[in-house]
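The values are calculated or read from the model by the stated rules, or taken from the named source; none is laboratory data. Quantities reported herein were computed from a predicted structural model and do not represent experimental measurements. All Cβ positions, glycine included, derive from the backbone under ideal geometry; neighbour counts span all protein chains shown.
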Amino acid sequence: MTLKSKLPKVGTTIFSQMSQLAAQHQAINLSQGFPDFSPDPLLLDALAAYSQQGFNQYAPMPGIPALQTQIASLVQRCYQRTVNAEQEVTVTSGATEALFVAINAVVQPGDEVIVFDPAYDSYEPAINLCGGKAVHIALTAPGYRINWQQVAEAITLRTRLILVNSPHNPTGMVFTPQDWISLQQLVLKHNLYCISDEVYEHMVFDGAPQLSANCFADLAARSFIVSSFGKTFHVTGWKLGYCVAPAALSAEFRKIHQYVTFSSFTPAQHAVADMLAQQPQQVSGLARFYQHKRDHFVNVLHASRFTLLPCQGSYFLLADYSAISDLDDVSFCQWLTKEHKVAAIPLSVFYQTPLTARIVRFCFAKQDSTLNAAAEALCRI
């Protein structure tokens, strides 16, 4: 039997490849986006307590009511938007599941979806599995800003959806108020849907306002807004995320969600609900926490030959290595891991048509000691 692949161009992700290479060569792993420090002990204690108390069976398909309520309260607190916890909030097995389900909820065969490169690698496979087509718009260094006139020109009669990500992985770019307004105008003018990937929403730096599709009523009315407790509470392995969408969109979302995972990690839902209710400063202090990480990493890399690009949010920093090597970025990352024991991610893998820029991504969601050790190695190059 010969199996015809539905995703013939998809192999093992670069994140898995670089993490495996880092382990093989005992390198400091600044490639894959996960913290190397522990979450709050209160969260771990709550998880253990709920597990021991027997909260280990299926949760309700949309999420436990306590967590839905806390998510609605978080949206109100951060963005002054009132959402119906029961009808408009769905808990998912990570943000990646939420993105997959949201794409499948609205994309039909032949539909076009506008995405912005560099883009998270799960977007296009999900679009392809629906029979849709990703229309890529490339963003360029150093600012990676969106040209909304270019977006308008890319919209056709087949365009169904615009998929945005702010704060942006991998560039650290953050939408301005005008970006959100321009997006809202296009969505309304062309009767489109929006998926807003906001997994780094609480990591906005330098006093800039924390904005969201939630802040723009007409946009929110046509949007699936996706976020991640794994990112917010430093527990990426728990795979716990959520989607906020109007009731009609949530109803379609849940039709698919119930056949993908049905429900998500029950004791973790209870533990996170408690943290949101009892420790709101864990969320409100996240920007300050990661801005310290960014500033520290930038400072210790000051003596290196890398040129560091602006980072307005997220926990990623881009670095141009043109002064160091003429290697392409994939080869450079392999060389960096093997020879200098620091693993990074090549930027080209986030593009449909890779650019020639020599830029790599470092994750600074690490202990200061890890960042110091990595910087020491990088500054020796």
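Numbers for the structure displayed
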read-out: Qualifying positions in the stretch 310-351 - aliphatic (A, V, I, L, M) and within 13 Å of residue 364 (Cβ to Cβ); value: 317, 318, 319, 342, 344, 345
read-out: Residue 289 being of a type outside the set (D, E, K, R), outside the structural domain of residue 174 (by TED's automatic domain parsing) and crowded, with 22+ Cβ neighbours inside 10 Å; value: no
read-out: Among residues of the stretch 118-150, those that are farther than 26 Å from residue 360 by Cβ and touching a Ser or Thr at 6+ places or on another chain (Cβ under 8 Å), counted; value: 2
read-out: Test: residue 226 is within 17 Å of residue 89 (Cβ to Cβ), part of a helix (DSSP H, G or I) and either acidic (Asp, Glu) or at pLDDT 95 or above (or both); value: no
read-out: Which listed residue is within 24 Å of residue 275 (Cα to Cα) and at pLDDT 95 or above, from 97, 153, 112, 124; value: 97
read-out: Conditions (1) assigned to a helix (DSSP H, G or I); (2) outside the structural domain of residue 208 (by TED's automatic domain parsing); (3) of a type outside the set (Val, Ile, Thr); (4) touching an Asp or Glu at 6+ places or on another chain (Cβ under 8 Å): number failed by residue 352; value: (1)
read-out: Yes/no for residue 197 being over 15 Å from the mean Cα position of the chain (by Cα) and among the charged types (D, E, K, R); value: no
read-out: Odd one out for residue 191 among (1) without any contact (Cβ under 8 Å) to a residue 40 or more places away in the chain; (2) under 25 Å from residue 63 (Cβ atoms); value: (2)
read-out: Residues (more than 22 Å from the chain's Cα centre (by Cα) and either exposed (fewer than 14 other Cβ atoms within 10 Å of the Cβ) or more than 27 Å from residue 293 (Cα to Cα) (or both)) located in the stretch 10-33; value: 23, 24, 26
read-out: Hits in the stretch 121-153 (condition: part of a helix (DSSP H, G or I), surrounded by 14 or more Cβ atoms within 10 Å (Cβ to Cβ) and not acidic (Asp, Glu)); value: 123, 125, 126, 127, 128, 129, 148, 151
read-out: Criterion violated by residue 210 - all others in (1) part of a loop (DSSP other than H, G, I, E, B); (2) in contact with an Asp or Glu (Cβ under 9 Å, 6 or more places away or on another chain); (3) farther than 21 Å from residue 313 by Cβ satisfied; value: (3)
read-out: Yes/no for residue 22 being in a helix (DSSP H, G or I), touching a strand residue (DSSP E or B) at 6+ places or on another chain (Cβ under 6 Å) and touching a residue at least 24 places away in the same chain (Cβ under 8 Å); value: yes
read-out: Residue match in the stretch 328-342 (condition: touching a Leu at 6+ places or on another chain (Cβ under 8 Å), of a type in the set (Asp, Glu) and within 30 Å of residue 133 (Cα to Cα)); value: yes
read-out: Hits in the stretch 91-120 - residues which are more than 23 Å from residue 174 (Cβ to Cβ) and assigned to a loop (DSSP other than H, G, I, E, B); value: 93, 107, 108, 109, 110, 111
read-out: Qualifying residue in the stretch 80-95 (condition: more than 23 Å from residue 260 (Cβ to Cβ) and touching a strand residue (DSSP E or B) at 6+ places or on another chain (Cβ under 7 Å)); value: no
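The rows are residues; the columns are (1) of a type in the set (A, V, I, L, M, F, W, C); (2) surrounded by 14 or more Cβ atoms within 10 Å (Cβ to Cβ); (3) in a strand (DSSP E or B); (4) in contact with a His (Cβ under 9 Å, 6 or more places away or on another chain).
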| position | (1), (2), (3), (4) |
| --- | --- |
| 35 | no, yes, no, yes |
| 38 | no, no, no, yes |
| 48 | yes, no, no, no |
| 58 | no, no, no, no |
| 62 | no, yes, no, yes |
| 69 | no, yes, no, no |
| 74 | yes, yes, no, no |
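Table: residues versus (1) among the polar types (S, T, N, Q); (2) farther than 29 Å from residue 354 by Cα.
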residue: 47; (1), (2): no, yes
residue: 83; (1), (2): no, yes
residue: 92; (1), (2): yes, yes
residue: 97; (1), (2): no, no
residue: 103; (1), (2): no, no
residue: 112; (1), (2): no, no
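To keep it simple, each residue is scored yes or no on (1) touching a strand residue (DSSP E or B) at 6+ places or on another chain (Cβ under 9 Å); (2) within 24 Å of residue 233 (Cβ to Cβ); (3) surrounded by fewer than 21 Cβ atoms within 10 Å (Cβ to Cβ).
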residue	(1), (2), (3)
274	no, yes, yes
285	no, yes, yes
299	no, no, yes
303	no, no, yes
310	yes, no, yes
321	yes, no, no
324	no, no, yes
329	yes, no, no
351	yes, no, yes
